[in-house]
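These notes concern the structure reproduced below.
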Amino acid sequence: ECSDVILTYSSVEESMIRESFPYKKVYTVPLFFYETVTARKVEFKQTHGLLLVGGCAHTPNKDAINWFCAEILPLVKQQIPDVVLNVVSSNPPKDIQALQSKNVRILDGVSDEKLKSLYEKVRLVVIPLRFGAGVKGKLIEALFHGVPIVSTSIGTEGIKGIEQFVTSQDQPADFVAELVSLYNTENKWKDLAQKGTAFVAEHLTLKKTIEQMSHVLETAREEQVKRIDETMPPRLITFYLPQYHPIPENDEWWGMGFTEWRNVAKAKPLFPDHYQPHLPTDLGFYDLRAEESRIAQAELAREYGVHGFCFYHYWFNGKHLLERPAEDMLASGKPDFPFCLCWANENWTRRWDGEDQHILIEQKYSEEDDRDHIRDLFRFFSDERYIRVDGKPMFLVYRTENVPDPAKTAEIWREEARKAGIGELYLIRIESIGKCDPAEINFDAALEFAPDWWNKGPRLKTYSKRGPESDEELEEFDEVYANNYIHTYDKLMKTMLAKSTPDYKWFQCVTPSWDNTARIKEGAHVFLNSNPEKYKNWLERTIEATEKRLAGDEKIVFINAWNEWAEGNHLEPDQKYGRGYLEATRSALQLTDSVGDKEETVAEKFANESEVITQLPAKLDPAMKQKLYHLNKKIAEKERRIVSMRQLLFDRDQTIEEIYNSKSWRLTGPLRRIVRQLHSLQNNRFLKSIGFIRK
């Protein structure tokens, strides 16, 4: 039940296994195989006698020797008086030794060479087995040596096509008739000897066995992929900002010792309930020059289900920026954690302080630069930790729109990768601005960016009063709303989940939160009211959609981001939620049972199903086991539907909350009137006295 493929030596057993496990891949493989097979050179007239091979420690062999000597050999001697039966048996018991006579030779301690000599001298091999299942090695050995065989049906069991050159007879008289006919008929003898050798040459050689086992192993791999697809959730890959260490360029542009932490620490709330600043806890204000910081990040990510990091990679015509974390990781081999690269191919400007037109360092494109760039990346692509899709290194480009001819660039990259022995690449364009079929520009897939700036929900243009603010404060808050792009996390989530799935290969992305007011004075984007529970809900639905659409290595969900602290966009623990977003990530990868008091991963669930089936009584009808297997799958699907129903309830509650907090009197007026009436009723002494009002 738990195997990807099942192997057996016997075609009879294959049929039995298929009956019990009709949905499994089952193969009959050779019991013996030979490197070379040559036709027998001994002539018919140079042979004499019979050969029976079988150790008496095996009861069926002992019975076969006794039965042949008692019931078959006497009848054979009547027609072939000088026939000799050679019995090769190790450590034969006394009753078998007592069978030795003029016509019976009991041979003990026969070497391989002596046995080979016997095969060359005897005319027939007899296999008079009356019980004992499975393929008989003695039969295959006789075929290899080119000796015709007379056997029972038990003796020939399990080999497809054997009936074409080995006659099976279970009654003594029929066995004798076939033996004598074959023993005395040269043409028939030669025909069956040649057919037996040809069968071995066609089916039981080393070459044929290698071919068959290669097919079996490939099938096993395919079945494993299917099984993993069914039981394993998508790989979660988070974007990773390598900015947290000083570099000379940032010292010059922003002041000595500048890192992203400077923006993060100086952030302030701009209105009530505005969550700023975002400050780290577990990992602190780390410096990515320190290996222990990078290791701690990887260990934390792995603990909560993150598969790997996607490092932002900065390349400007041969010049690297912020490259040290990735370079140090590559050189040291630590941390041992999957990673890939995303080329952030934008100009660097002074946008953070409002001077968008002031270019600090510019992207320039050329064929020569395309070749230099991809060659520089080969050392990363060759690392065994690098994330691949079907063996292809995965490389992302943030804005293919900026590349003059992205299709040509992609072809240059692929050409250079093939020449260098890297093989094929898996190229992904990020839908940060525009959208197009990635195939049109020679890319393999597209990735939605979260937040999707085209699907972010309605903008809130004025501050919604929530407390006893003064008119001056309200005016100040309204100005903040007017000068920035304020949205709700709920609407962002809903509009992104409601997008139609494109026809091309497409990966989805989730963001835990977003607020880049720490970086930008005006024109910042803020998505209000995010929290771990909402993020978990979004991630769960994205995982479910990905499992339905994608398979194998392409079953991936991206998260933006691991550590974009100045964008309020991070899974790393902070002072407000602690490890809440990490716990939500791990929880989203699990299935919750219908009771809701126990969580187990998909892999654990299916393992439990297999355990249930294997523990059922052996006498239970195989068809019932199969029905149980498929019933459990249906139950799992029902549980998924329950999760979907919970999502609908979640959406309903969110909609009610939005309506109640709306500034539209048309929507909230009736609700507010009801609230006022309820408050007045609470003070009605008469209604209280008759028990109509309860707290």
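The values are calculated or read from the model by the stated rules, or taken from the named source; none is laboratory data. All of these numbers come straight from a predicted model, not from anything done at the bench. Counting neighbours? That spans all protein chains shown, and the Cβs are built from the backbone with ideal geometry, glycine included. The area values use the complete protein model at the heavy-atom level, side chains included, leaving out ligands, DNA and RNA. Shrake-Rupley method; radii C 1.70, N 1.55, O 1.52, S 1.80 Å.
Observations, loosely collected:
- SER513 vs. criteria closer than 21 Å to PRO277 by Cβ and of a type in the set (Gly, Ala, Ser): yes
- Test: residue in the range 203-223 that is part of a strand (DSSP E or B) and under 30 Å from LEU50 (Cβ atoms): yes
Okay, residues lined up against (1) in contact with a helix residue (DSSP H, G or I) (Cβ under 6 Å, 6 or more places away or on another chain); (2) in a helix (DSSP H, G or I); (3) modelled with pLDDT of 95 or more; (4) of a type in the set (A, V, I, L, M, F, W, C):
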| residue | (1), (2), (3), (4) |
| --- | --- |
| ASP490 | yes, yes, yes, no |
| PHE507 | no, no, yes, yes |
| GLU522 | yes, no, no, no |
| LYS536 | yes, yes, yes, no |
| GLU583 | no, yes, yes, no |
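- Positions within the range 267-303 being at pLDDT 95 or above, assigned to a loop (DSSP other than H, G, I, E, B) and of a type in the set (Asp, Glu), in sequence order: ASP282, ASP287
- Residue match in the range 172-182 (condition: surrounded by fewer than 17 Cβ atoms within 10 Å (Cβ to Cβ), within 22 Å of SER15 (Cα to Cα) and small (Gly, Ala, Ser)): no
- Residue match in the range 489-508 (condition: open to solvent by less than 30 Å² (accessible area, probe 1.4 Å) and touching a Ser or Thr at 6+ places or on another chain (Cβ under 6 Å)): yes
- Extreme residue, nearest to GLY568 (Cα to Cα), among residues of the range 271-285 that are open to solvent by 60 Å² or more (accessible area, probe 1.4 Å) and touching a residue at least 60 places away in the same chain (Cβ under 8 Å): ASP273
- Pairs with Cβ under 8 Å, 6+ apart, first in the range 356-383 and in a loop (DSSP other than H, G, I, E, B), second open to solvent by less than 80 Å² (accessible area, probe 1.4 Å) and of a type in the set (Ser, Thr, Tyr): TYR365/THR409
- Among the residues of the range 436-459, those that are open to solvent by 60 Å² or more (accessible area, probe 1.4 Å) and not charged (D, E, K, R) comprise ALA439, TRP453, TRP454, PRO458.
- The set of residues in the range 304-351 that are over 17 Å from ILE374 (Cβ atoms), touching a residue at least 24 places away in the same chain (Cβ under 8 Å) and in a helix (DSSP H, G or I) comprises ARG324, PRO325, ASP328, MET329, SER332, ARG351.
- Test: residue in the range 58-74 that is open to solvent by less than 70 Å² (accessible area, probe 1.4 Å), assigned to a helix (DSSP H, G or I) and of a type in the set (Lys, Arg): yes
- Failed condition for ILE428, given (1) free of Cβ contacts under 8 Å to residues at least 60 places away in the same chain; (2) out of contact with any Gly (no Cβ under 7 Å at 6 or more places or on another chain); (3) not aromatic (Phe, Trp, Tyr): (1)
- Of all residues making up the range 1-57, the number that are open to solvent by 60 Å² or more (accessible area, probe 1.4 Å), in a loop (DSSP other than H, G, I, E, B) and either closer than 30 Å to ASN86 by Cβ or touching an Asp or Glu at 6+ places or on another chain (Cβ under 7 Å) (or both): 11
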